[in-house]
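Please treat every number below as a calculation from the coordinates, not as lab data. Every value quoted in this text rests on a predicted model; they were computed, and no experiment measured them. Note: ideal-geometry Cβ built from the backbone for every residue, glycine included; neighbour counts use all protein chains shown.
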Amino acid sequence: MDFTKLSERALKAMHEAIDRCLEKDLQNPTQNDPYYGVRDTADWTEWRDAIEAELTRRNLGFTPIIW
């Protein structure tokens, strides 16, 4: 996905959504529904890295998501 085409608002919303999904996974160690597999799927890391790179490029403040 090309995150450079997203608005600032959409970019921040996607970043926050990844963070929320990670938090839900951490609160659900039994991996019951809903379980997003944030730490189990490489796509999540790639999206996080690309979004954070774009946020940095645009000089937008954010809290990095730590796995």
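Observations, loosely collected:
- From A53, A17, residue being of a type in the set (A, V, I, L, M) and under 9 Å from the mean Cα position of the chain (by Cα): A17
- Count of residues meeting criterion [more than 9 Å from the chain's Cα centre (by Cα) and of a type in the set (K, R)] in region 23-50: 2
- All positions within region 1-46 that are of a type in the set (S, T, Y) and either part of a helix (DSSP H, G or I) or in contact with a helix residue (DSSP H, G or I) (Cβ under 7 Å, 6 or more places away or on another chain) (or both): T4, Y35, Y36, T45
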